[in-house]
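As structure tokens, the structure follows; a few thoughts come after it.
The values are calculated or read from the model by the stated rules, or taken from the named source; none is laboratory data. Not measured: the values here are computed from a predicted model. When we count neighbours, we look across all protein chains shown, and the Cβ atoms used for this are built from the backbone with ideal geometry, even at glycine.
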Amino acid sequence: MRPVLFTILGFDVQTYGLSKAAAALVAAWLLGRAFERRDLSRDSAHALVLWSTVWGFVGAKIYYLLEQLPSITVHDLGGMGFTWYGGLLGGTAAVLVIIRRHQLPGGVVAGAVAVPLTVAYAIGRLGCLLSGDGTYGRPTDLPWGMAFPDGVVPTDVPVHPTPLYEAAAAVLIVAVLAALGRRWVPARVFGAYLVLSGLARLSVELVRINDPVLAGLTQPQLWALVSVAVGGVLVLGARRLQPPGGQPQDNVVPPTA
């Protein structure tokens, strides 16, 4: 594991931070292409990614600090320690503001962001794996168990490489969403993203090291259940918007006179 990827002029370039920057750049490129296919501005796509990234990090850090109460330390205020669902809340708030300011169609945007968001998540989780940031799972004697002796949160005991599990799940989710995007309206595609990503997190939490908080479920599992429920409502509710023949509504060419 390499928490510090390389050093330039005495400045350490962190693997964790670089992976997040790479995730944002790839997401901006993918979303820009998706917007252009839908006759939307690439600049609007870049604004969405920029501000959702900024406020996503703010939300992720605030959520993490709230989780550490009342025993916050100086270490908690550093460049590590972010919670995905706090980032999702902060990023979503920023997206809603950009949608309003740029007068974008919310449903179309929701469908367009599903694949870029999933790809960015996969890249970010690989960064977590390479930095050994402590988001790994329980000890295991399975052949693919990994130790992180040089990680940010080191362990010499082989553990479940859960960031790798999540990255692999994200690749599968991207493939499913890409297929659904050719047949479903955007809102249903986003609903499918919420369902699939929620189910993936529910599964991974079975081997993660998180304490139960309610009904034997961990906090990420509770958030994942909310994601699955909201996504299910979107998938089922948006069926009535599906045009005949299964062609996505935003790709339907209006009839000419």
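Within the range 78-85, does at least one residue satisfy the condition of being surrounded by 14 or more Cβ atoms within 10 Å (Cβ to Cβ), assigned to a helix (DSSP H, G or I) and of a type in the set (F, W, Y)? Scanning the range 78-85, I find at least one residue that is surrounded by 14 or more Cβ atoms within 10 Å (Cβ to Cβ), assigned to a helix (DSSP H, G or I) and of a type in the set (F, W, Y), so the answer is yes.
Residues that are β-branched (V, I, T) and in contact with an Asp or Glu (Cβ under 9 Å, 6 or more places away or on another chain): does the range 158-179 have at least one?
Quick first cut of the range 158-179, residues β-branched (V, I, T) only: 159, 162, 171, 173-174, 176.
From the residues that got through so far, the ones that are in contact with an Asp or Glu (Cβ under 9 Å, 6 or more places away or on another chain) too are 162.
Checked against the condition, which is being β-branched (V, I, T) and in contact with an Asp or Glu (Cβ under 9 Å, 6 or more places away or on another chain), the range 158-179 yields at least one hit.
A search for C-beta distances below 6 Å between a residue of the range 64-89 that is closer than 19 Å to G17 by Cβ and acidic (D, E) and any residue that is modelled with pLDDT under 80 and in a helix (DSSP H, G or I), counting only pairs 6+ apart in sequence or on different chains, returns D76/Q68. Of everything in the range 149-185 that is touching a Pro at 6+ places or on another chain (Cβ under 6 Å) and closer than 27 Å to V4 by Cβ, the residue that is surrounded by the fewest Cβ atoms within 10 Å (Cβ to Cβ) is D156.
Looking at H46, is it in a helix (DSSP H, G or I), closer than 24 Å to T118 by Cβ and not small (G, A, S)? Taking the combined requirement at face value, the residue satisfies it. For the criterion of being free of Cβ contacts under 8 Å to residues at least 24 places away in the same chain and part of a helix (DSSP H, G or I), E166 fails.
When each of R125, R188 is tested for being of a type outside the set (A, V, I, L, M), crowded, with 21+ Cβ neighbours inside 10 Å, closer than 30 Å to V4 by Cβ and modelled with pLDDT under 95, the lone residue that passes is R125.
Scanning the range 59-111 for residues that are more than 17 Å from the chain's Cα centre (by Cα), among the small types (G, A, S) and over 19 Å from S227 (Cβ atoms) returns S71, G78, G79.
Checking the structure you have, find out if any residue of the range 152-163 is within 19 Å of the chain's Cα centre (by Cα) and outside any helix (DSSP H, G or I). Working first, answer last.
To start, the set of residues in the range 152-163 that are within 19 Å of the chain's Cα centre (by Cα) comprises 161-163.
Still in the running and outside any helix (DSSP H, G or I): 161.
Checked against the condition, which is being within 19 Å of the chain's Cα centre (by Cα) and outside any helix (DSSP H, G or I), the range 152-163 yields at least one hit.
Hey, among the residues in the range 1-50 that are surrounded by fewer than 16 Cβ atoms within 10 Å (Cβ to Cβ) and touching an Asp or Glu at 6+ places or on another chain (Cβ under 7 Å), which one's farthest from R125 (Cα to Cα)? Selected residue: R42.
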